């Protein structure tokens, strides 16, 4: 029998008491291999009845049904209180109490954001494409506007993602981030470059790199003046007993990272 501490994680960060978080692991659900066992995604080939049971079990820990998104690796962020089901987006934001913002991941980076006042929260799905398109910066800017807080009031927590020793990317990904840094006047160019370490070569001589998705997010946020950033200590790829990993397993489930105002 799985304990609650095995099933979920809570963000360890400098957030006000009325901001609540819940991050699921792969433990404690009804799904069978290869989705064993707490898969929350309907789109990965799992038995819908098992997923529904998992979601029902999750809802017992929440004030309301999470705002499930159809994630498309975009930079679109919506109002979590929107009543339309399954909107195409990769983040949601709200200032309303007991509205649960949620993103699902299995290697990509879940980012939870709030302000010091506890009056606004957001959840963002940030793979490398979303990071490149600026989804974490956009979420911070939207939170600033919604809550009329100051930049130093923003708090960020980086949830379970693939770690820097396992996230292999091609030269094209590295160059895309570096080109963007150059376009922005070279600001933080060297720090972005340090997020990639040469790893191996393909059969045709192309370089492969290990990318630090956590550090990429930190550098990008820091460039906008957001520096209160916590988390970034897990690796979904290497912690197979705790997390799903698309890179590791291919066919697999998804975890959920949630945030709300109590």
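Derivation of every value follows stated rules applied to the coordinates shown; laboratory data play no part. Note that this is a predicted model, so its numbers are computed, not measured. We place every Cβ from the backbone using ideal geometry, glycine too, and count neighbours over all the protein chains shown.
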Going by Cα centres, the stretch 145-185 and the stretch 107-142 are how many Å apart?
10
Within a Gaussian network of the chain (alpha carbon springs, distance under 10 Å), most fluctuating of 236, 200, 105
200
Specify the inter-centroid distance of the stretch 199-233 and the stretch 53-67, based on alpha-carbon positions, in whole Å.
32
Which order do the peptides 123-136, 22-35 take when ranked by the mean count of other beta-carbon atoms within 10 Å per residue, highest first?
123-136, 22-35
Stick to the Cα atoms of the chain, pair each with every other, and give me the Kirkwood hydrodynamic radius in Å at one decimal.
18.6
Could you tell me the extents of the stretch 173-261's C-alpha atoms along the three principal axes, largest first, rounded to whole Å?
48, 41, 17
Sorted largest first, extent of the stretch 168-211 alpha carbons per principal axis (Å):
35, 15, 11
What distance in nm separates the simple spin-label points at residue 241 and residue 129, each placed 7 Å from Cα in the Cβ direction?
3.5
